[in-house]
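Below is one structure; the comments refer to it alone.
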Amino acid sequence: MRLKLTRLLSVLVAAMTVAGCSTNAVTGKQQLSLVSESQEIAMGEKQYGPSQQSQGGQYQVDVELSRYVNSVGQKLAKVSDRPNLPYEFVVLNNDVPNAWALPGGKIAFNRGLLVQLQDEAQLAAVLGHEIVHAAASHSAQQMSQRQLIGIGSSLVSAAASQSRYRGLIQQGVGVGGQAWTASYGREQELESDAYGMEYMVAAGYDPQGAVELQETFVRISQGSQSNWLDGLFASHPPSQERVKANRVRAAQMPPGVRNKAAFDRAMRQLRKDAPAYKAHQQALAAANNKDLAKAVELTNSAIKLQPNEAIFWDTKGKLLLNQKQPQSAIKAFSKAIDLNPGYFGPYVGRGLVYKNIGQHQKSQLDFETSLSMLPTQLAAFHLGEYEAQKGDLKKAYSYYQYAAGSGGQLGKTAQQRMQKIYPQKQQTKQQR
């Protein structure tokens with residue numbers, strides 16, 4: 001039985017691998033790909049907005065900075081191996097030093113990473129690296145591998161359902177899949193370093209910027225700010241190996257421009273606001289330590305330094321909500337929305353305040369607006385409550401179902417609401 005299963009799985013994986021092989025546009029190598037270019041682009045476009053929302057939304061205080069980063073990114077994209085992808089580059093309002101790429105050329109750059117850079121060549125090093133992830137279809141490759149792993153897991157699980165060794169077999173498949181994906185990710189990172197430097201040189205930048213970038217990351221990861229490992233370094237782990245490899249490559253490449261003056265001009269506002277963002281970070285830390293008075297004081301300091309930053313007002317609204325000051329909280333959330341109407345966060349906060357004081361129509365509108373930007377458990381649950389009150393049990397069940405999927409205490413409550421709406425349906429589901 002086990003021998004037949006192994007042979008069947010090997011034949012299936014081999015057949016699908018051959019059928020799904022394509023040439024990597026960057027490396028020229030054959031690679032597994034079960035995702036077409038049009039699917040890549042569609043996936044990236046679908047996930048780009050929600051991914052931005054979940055990580056702070058776009059940085060809005062100085063929109064010229066985003067235009068500048070986009071201009072540098074587009075310059076590099078033109079010399080990439082897939083210049084016709086619909087590349088986009090945005091700056092996210094996030095303290096964590098990170099950057100990421102979705103399929104189809106949708107790339108984001110946190111302001112927390114920008115403040116670690118010294119010139120445009122270093123900026124180009126990050127952007128070139130992320131462009132390679134898109135041009136080489138790294139995300140699509142990982143998805144293709146996971147599909148094969150998933151198919152293999154399903155086959156093994158189905159056959160093992162009649163075997164007393166079922167648990168052991170399934171456990172082995174899970175571990176094997178995780179190891180394969182993690183190893184492949186490391187290879188992708190090395191590819192992105194190497195070809196990203198080629199894009200830099202082709203666009204006229206000094207490749208030494210890529211060496212300095214990796215040196216900076218290694219220094220930060222070893223220093224007092226090593227907590228940042230859960231941001232950039234979790235997905236882009238720095239190492240002396242990468243520094244050395246970049247240094248060897250740079251020595252064989254021609255020098256180029258640094259464009260420090262242009263970078264300094266673009267960064268002027270963000271650097272000026274550094275004390276405000278530091279105060280806000282301290283406010284969040286105080287709130288996590290349940291020192292709300294200190295958190296309010298620090299948030300007000302951040303607002304005084306930069307009154308046009310929406311996330312400062314959003315944080316103030318949350319603190320005032322916690323302190324049961326609904327009218328002041330509404331004003332703070334409304335200010336945040338005025339400053340950045342395209343960010344979901346303050347709509348959720350204001351919707352909750354409106355619900356607490358009985359302004360249900362306004363509350364429902366805010367929850368619906370937030371949900372159109374980013375589905376969240378809190379908004380979905382409360383919208384389920386409203387639909388249940390109106391008697392639309394089908395819609396209420398749908399909202400509760402989403403909220404239940406996120407777990408936690410609110411998820412348990414949502415499960416209870418679902419049980420009340422369709423008790424027989426829930427009983428059948430549990431029996432399965």
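Below are the figures for this structure:
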quantity	calculated
All positions within segment 106-123 that are in contact with a Pro (Cβ under 7 Å, 6 or more places away or on another chain), outside any loop (DSSP other than H, G, I, E, B) and not small (Gly, Ala, Ser)	Asn110, Leu113
Test result for Glu309, surrounded by 21 or more Cβ atoms within 10 Å (Cβ to Cβ) and of a type in the set (Asp, Glu)	yes
Number of positions in segment 92-106 that are free of Cβ contacts under 8 Å to residues at least 40 places away in the same chain and touching a Leu at 6+ places or on another chain (Cβ under 6 Å)	0
Matching residues in segment 73-86 - criterion: being under 18 Å from Phe109 (Cα atoms) and crowded, with 24+ Cβ neighbours inside 10 Å	Gly73, Leu76, Ala77
Residue that is surrounded by the most Cβ atoms within 10 Å (Cβ to Cβ) [pool: residues in segment 161-219 that are at pLDDT 50 or above and aromatic (Phe, Trp, Tyr)]	Tyr205
Test result for Asn289, buried (at least 20 other Cβ atoms within 10 Å of the Cβ), farther than 30 Å from Leu365 by Cα and not small (Gly, Ala, Ser)	no
Output for segment 333-360, where each listed residue is of a type in the set (Phe, Trp, Tyr) and either outside any helix (DSSP H, G or I) or not assigned by TED's automatic domain parsing to the domain that holds Gly384 (or both)	Tyr343, Phe344
Sole residue being in contact with a Lys or Arg (Cβ under 7 Å, 6 or more places away or on another chain), buried (at least 22 other Cβ atoms within 10 Å of the Cβ) and without any contact (Cβ under 8 Å) to a residue 40 or more places away in the chain, chosen from Ala332, Ala380	Ala332
Enumerated strands (runs of 3 or more DSSP E) restricted to segment 1-105, each holding at least 3 residues that are in the same structural domain as His129 (by TED's automatic domain parsing) and either at pLDDT 95 or above or more than 23 Å from the chain's Cα centre (by Cα) (or both)	21-23, 30-32, 88-92
Selection status of Pro346, in contact (Cβ under 8 Å) with a residue 40 or more places away in the chain, within 23 Å of the chain's Cα centre (by Cα) and within 26 Å of Arg111 (Cβ to Cβ)	no
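Conditions (1) outside the structural domain of Gly57 (by TED's automatic domain parsing); (2) at pLDDT 95 or above; (3) under 22 Å from Ile330 (Cα atoms), marked per residue:
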{"residue": "Asn259", "(1), (2), (3)": "no, yes, no"}
{"residue": "Lys278", "(1), (2), (3)": "yes, yes, no"}
{"residue": "Ala283", "(1), (2), (3)": "yes, yes, yes"}
{"residue": "Lys290", "(1), (2), (3)": "yes, no, yes"}
{"residue": "Ser301", "(1), (2), (3)": "yes, yes, yes"}
{"residue": "Lys304", "(1), (2), (3)": "yes, yes, yes"}
{"residue": "Ile311", "(1), (2), (3)": "yes, yes, yes"}
{"residue": "Thr315", "(1), (2), (3)": "yes, yes, yes"}
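The values are calculated or read from the model by the stated rules, or taken from the named source; none is laboratory data. This structure is a prediction, so every number in the text was calculated from the model and none was measured. Here the Cβ is made from the backbone with ideal geometry for all residues, glycine too, and neighbour counts use every protein chain on show.
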